[in-house]
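Enquirer: One structure follows; several queries about it will come next.
The values are calculated or read from the model by the stated rules, or taken from the named source; none is laboratory data. Computed from a predicted structure; not experimentally measured. Cβ coordinates were reconstructed from backbone atoms using ideal geometry, including for glycine residues, and neighbour counts include every protein chain displayed. Remember, those area values only see protein heavy atoms, side chains included, never the ligands or the DNA or RNA. Shrake-Rupley method; radii C 1.70, N 1.55, O 1.52, S 1.80 Å.
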Amino acid sequence: MHVVGVIAEYNPFHQGHAYQLRAIRKRFHDEAAIVAVMSGSFTQRGEAAILDKWRRADLAVCGGCQLVLELPFLFACRSAQDFARGGVRLLQGLGCVDTLAFGAENPDLAPLMEAARTIDAPETQAALHEALRAGASYAKALTAILQEASGLAADLLHQPNNILAIEYLRAIRVYAPGIEPLLITRRGAGYHEASLGPLASASAIRGELAKAQPDFASLRDSLPEATYAAIRAAFPAEIASTERLFRPLLARLLTMQGRELEAIFGLQEGLANRLLAKSRQSRTLQELIAGMVASRYPASRISRIVPHLLLGTGERTAREAAETGPLYARVLAFDEVGRELLHTVKERSTLPLITKVSTALNSRERLESDLTPLQAILALDTRATELRTLALPDHAPLAALHQTDFITSPHFIRNIPDT
């Protein structure tokens with residue numbers, strides 16, 4: 001069985017994701033098993049996932065995945081480089097993944113591979129560090145250096161999926177040279193396009209769901225039937241909004257000293273003082289983030305600070321996780337083929353397979369300070385799940401408000417509905 005890995009957020013699982021999985025199956029003549037490494041309760045841009053991770057994993061299985069694993073929070077809510085490295089290292093640790101499939105706006109793999117090679121060249125890294133010290137943003141500095149070093153077009157590096165694709169290729173070269181890359185050309189609306197339709201972007205879908213009265217007729221065209229049904233059932237009581245974390249954030253800032261703030265991951269380089277100042281001038285989380293954005297600090301970086309601050313992620317903890325990579329494979333959902341694949345993973349994986357969180361960490365141990373590195377990463381996953389419930393509406397069902405990793409088991413999907 002050829003095993004294909006996918007690294008995704010599925011926030012939510014939409015027609016573009018379904019297209020990608022169909023393209024993978026067509027490429028391998030329906031003889032591939034697809035394992036997805038998926039963000040959990042918070043996404044790469046620091047947003048609370050609109051649906052909980054188990055429901056999103058279920059929808060991914062309904063859409064064509066055989067097995068869905070959680071990308072730990074410490075890698076999911078990070079820069080594109082760390083997000084990609086975390087996902088690739090987790091897939092490599094399973095010991096059975098042959099191919100990594102990913103989407104990109106660019107239809108040709110060659111220039112993306114050239115960009116990946118150029119970025120990792122010593123002279124590129126030296127020039128990049130010098131530009132960063134001079135105050136340039138990472139994205140602008142890297143674009144300028146790559147254009148000069150390799151002649152790559154600037155727009156190649158301005159597309160979100162191209163950027164992630166390059167980071168996947170970089171991570172494969174370093175951590176998983178035995179995994180083959182497979183580029184699936186992205187179809188449909190661009191990442192930031194707000195229009196709905198058969199291949200609408202996830203951001204457009206989330207934008208529509210943020211309205212008091214979404215256009216569900218248009219959303220129906222953008223979503224597989226299973227996703228549409230799940231969102232209709234969840235709306236509005238179980239749809240999370242990161243904006244609801246604004247007051248918890250203000251409360252957290254009231255109780256922290258300057259040194260405590262500066263120890264939080266992402267709040268170095270004077271950002272702690274900037275955050276305190278802007279928080280006193282803002283009425284909403286959106287205003288706060290917009291007020292903190294600067295040439296060196298894009299909105300995505302500022303947004304990621306919010307969950308890390310609320311969860312107390314230390315700079316040292318994040319740095320150590322980046323060195324070790326993921327230390328476990330947490331199962332969220334699987335089907336019949338995925339169950340067989342799990343047997344293979346148990347035999348070959350260099351990472352422990354976690355189906356019950358309590359076997360590695362219980363709620364009492366989570367309160368202790370002397371956690372192992374594995375427990376420290378897992379503890380943040382469990383807290384992120386509980387933090388997400390604060391982003392739910394006040395009238396959310398009690399079961400949704402008290403759903404935790406300690407009581408929720410992986411979901412076995414027996415009958416896959418048509419999508």
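Enquirer: Residues that are of a type in the set (Ser, Thr, Tyr), open to solvent by less than 60 Å² (accessible area, probe 1.4 Å) and under 30 Å from residue 18 (Cβ atoms): does segment 232-247 have at least one? It would help to see each step written out before you state the result.
Expert: Taking segment 232-247 first, the residues of a type in the set (Ser, Thr, Tyr) are 241-242.
Narrowing further to those that are open to solvent by less than 60 Å² (accessible area, probe 1.4 Å): 241-242.
Now restrict to residues that are under 30 Å from residue 18 (Cβ atoms): 241-242.
Yes, the conditions are met somewhere in segment 232-247.
Enquirer: Could you list all residues from segment 27-51 that are farther than 19 Å from residue 171 by Cα and open to solvent by less than 20 Å² (accessible area, probe 1.4 Å)? Can you show your working first?
Expert: Just the residues of segment 27-51 that are farther than 19 Å from residue 171 by Cα, to begin with: 27-34, 40-43, 45-51.
Residues satisfying the conditions are 32, 33, 34, 40, 41, 42, 43, 46, 48, 49, 50, 51.
Enquirer: Quick one: count up the residues across segment 248-301 that are farther than 22 Å from residue 316 by Cβ, touching a Leu at 6+ places or on another chain (Cβ under 9 Å) and open to solvent by 60 Å² or more (accessible area, probe 1.4 Å).
Expert: The number of residues fulfilling the criteria is 2.
Enquirer: Six or more apart or on different chains, Cβ under 7 Å: which pairs go from a residue in segment 8-28 that's on the phi > 0 side of the Ramachandran plot to one that's of a type outside the set (Ser, Thr, Tyr)? Could you list them?
Expert: 10/17; 10/38; 10/56; 10/59; 10/60
Enquirer: Right, residue 124: under 25 Å from residue 7 (Cα atoms), open to solvent by less than 70 Å² (accessible area, probe 1.4 Å) and in a helix (DSSP H, G or I) or not?
Expert: Working: under 25 Å from residue 7 (Cα atoms): no; open to solvent by less than 70 Å² (accessible area, probe 1.4 Å): yes; in a helix (DSSP H, G or I): yes.
No, not satisfied.
Enquirer: Kindly indicate whether residue 341 is more than 30 Å from residue 4 (Cα to Cα) and more than 17 Å from the chain's Cα centre (by Cα). Please lay out each step first, then the result.
Expert: Working: more than 30 Å from residue 4 (Cα to Cα): no; more than 17 Å from the chain's Cα centre (by Cα): yes.
For residue 341, the condition - more than 30 Å from residue 4 (Cα to Cα) and more than 17 Å from the chain's Cα centre (by Cα) - is not met.
Enquirer: Being touching a residue at least 60 places away in the same chain (Cβ under 8 Å), over 24 Å from residue 195 (Cα atoms) and within 24 Å of the chain's Cα centre (by Cα): is that true of residue 206 here? Show your work before the answer.
Expert: On the way: touching a residue at least 60 places away in the same chain (Cβ under 8 Å): yes; over 24 Å from residue 195 (Cα atoms): no; within 24 Å of the chain's Cα centre (by Cα): yes.
Criteria not met by residue 206.
Enquirer: Testing residue 367 on (1) of a type in the set (A, V, I, L, M); (2) open to solvent by 30 Å² or more (accessible area, probe 1.4 Å); (3) touching a residue at least 60 places away in the same chain (Cβ under 8 Å); (4) more than 20 Å from residue 57 (Cα to Cα), one condition comes back false. Which one is that?
Expert: It is condition (3) that residue 367 fails.
Enquirer: Let me ask something else about it. Of all residues in segment 298-331 being β-branched (Val, Ile, Thr) and within 14 Å of residue 379 (Cβ to Cβ), which is farthest from the chain's Cα centre (by Cα)? Please lay out each step first, then the result.
Expert: From segment 298-331, those β-branched (Val, Ile, Thr) are 302, 305-306, 313, 317, 324, 331; that's our starting set.
Checking the rest, the ones that are also within 14 Å of residue 379 (Cβ to Cβ) come to 313, 317.
Details: 313: 17, 317: 18 Å.
My answer is 317.
Enquirer: One residue is enough: does segment 389-396 have a residue meeting the conditions closer than 26 Å to residue 14 by Cβ, over 23 Å from the mean Cα position of the chain (by Cα) and either part of a helix (DSSP H, G or I) or touching a residue at least 12 places away in the same chain (Cβ under 8 Å) (or both)?
Expert: Taking every residue of segment 389-396 in turn, at least one turns out to be closer than 26 Å to residue 14 by Cβ, over 23 Å from the mean Cα position of the chain (by Cα) and either part of a helix (DSSP H, G or I) or touching a residue at least 12 places away in the same chain (Cβ under 8 Å) (or both).
Enquirer: Only one residue in 83, 102 is under 30 Å from residue 382 (Cβ atoms) and in contact with a Ser or Thr (Cβ under 9 Å, 6 or more places away or on another chain). Which one?
Expert: From the options 83, 102, the qualifying one is 83.
Enquirer: With open to solvent by 40 Å² or more (accessible area, probe 1.4 Å) and aliphatic (A, V, I, L, M) as the only criterion, which of 390, 380, 361 stands out? Reasoning before the result, please.
Expert: Numbers: 380 fails: open to solvent by 40 Å² or more (accessible area, probe 1.4 Å); 361 fails: open to solvent by 40 Å² or more (accessible area, probe 1.4 Å).
On inspection, the qualifying residue turns out to be 390.
Enquirer: Another question, then. With the requirement that a residue be open to solvent by less than 50 Å² (accessible area, probe 1.4 Å), without any contact (Cβ under 8 Å) to a residue 40 or more places away in the chain and either part of a loop (DSSP other than H, G, I, E, B) or out of contact with any Phe, Trp or Tyr (no Cβ under 9 Å at 6 or more places or on another chain) (or both), what does segment 344-355 give you?
Expert: Residues of segment 344-355 that are open to solvent by less than 50 Å² (accessible area, probe 1.4 Å), as a first pass: 344-345, 349, 351, 353-354.
Restricting the remaining residues to those that are without any contact (Cβ under 8 Å) to a residue 40 or more places away in the chain gives 353-354.
Result: no residue meets the conditions.
Enquirer: Ok, one more. Would you check if residue 269 is over 24 Å from the mean Cα position of the chain (by Cα) and either under 19 Å from residue 42 (Cα atoms) or not in a helix (DSSP H, G or I) (or both)?
Expert: Working: over 24 Å from the mean Cα position of the chain (by Cα): yes; either under 19 Å from residue 42 (Cα atoms) or not in a helix (DSSP H, G or I) (or both): yes.
So residue 269 passes the test.
Enquirer: Within segment 1-26, track down each residue that is closer than 24 Å to residue 328 by Cβ and surrounded by fewer than 19 Cβ atoms within 10 Å (Cβ to Cβ).
Expert: Passing the criteria: only 1.
Enquirer: Count, please, the residues in segment 144-156 that happen to be surrounded by fewer than 19 Cβ atoms within 10 Å (Cβ to Cβ) and part of a helix (DSSP H, G or I).
Expert: So the count comes out to 7.
Enquirer: Do you know which residues across segment 157-181 are of a type in the set (S, T, N, Q) and either surrounded by 21 or more Cβ atoms within 10 Å (Cβ to Cβ) or over 18 Å from residue 299 (Cα atoms) (or both)?
Expert: Kept after step one, since they are of a type in the set (S, T, N, Q), are these residues of segment 157-181: 159, 161-162.
Across segment 157-181, the qualifying residue is only 162.
Enquirer: Taking the residues in segment 393-402 that are open to solvent by 40 Å² or more (accessible area, probe 1.4 Å) and out of contact with any Ser or Thr (no Cβ under 7 Å at 6 or more places or on another chain) as candidates, determine which candidate is nearest to residue 354 (Cα to Cα).
Expert: If we take residues in segment 393-402 being open to solvent by 40 Å² or more (accessible area, probe 1.4 Å) and out of contact with any Ser or Thr (no Cβ under 7 Å at 6 or more places or on another chain), then 402 is nearest to residue 354 (Cα to Cα).
Enquirer: A further question follows. Only helices (runs of 4 or more DSSP H) wholly contained in segment 11-120 count here; list those with 1 or more residues that are among the acidic types (Asp, Glu) and modelled with pLDDT of 95 or more.
Expert: Numbers: elements: 15-27, 53-63, 73-76, 80-94, 109-120.
Of the helices (runs of 4 or more DSSP H) lying wholly inside segment 11-120, those with at least 1 residues that are among the acidic types (Asp, Glu) and modelled with pLDDT of 95 or more span 53-63, 80-94.
Enquirer: Sort through 99, 43 and tell me the only one that's under 12 Å from the mean Cα position of the chain (by Cα), more than 17 Å from residue 230 (Cβ to Cβ) and not small (Gly, Ala, Ser).
Expert: Details: 99 fails: under 12 Å from the mean Cα position of the chain (by Cα).
Every option except 43 fails the conditions.
Enquirer: Taking the condition in a loop (DSSP other than H, G, I, E, B), of a type in the set (Gly, Ala, Ser) and either within 24 Å of residue 56 (Cβ to Cβ) or out of contact with any Ser or Thr (no Cβ under 6 Å at 6 or more places or on another chain) (or both), does residue 358 pass? Give the derivation first.
Expert: Numbers: in a loop (DSSP other than H, G, I, E, B): no; of a type in the set (Gly, Ala, Ser): yes; either within 24 Å of residue 56 (Cβ to Cβ) or out of contact with any Ser or Thr (no Cβ under 6 Å at 6 or more places or on another chain) (or both): yes.
In short, no.
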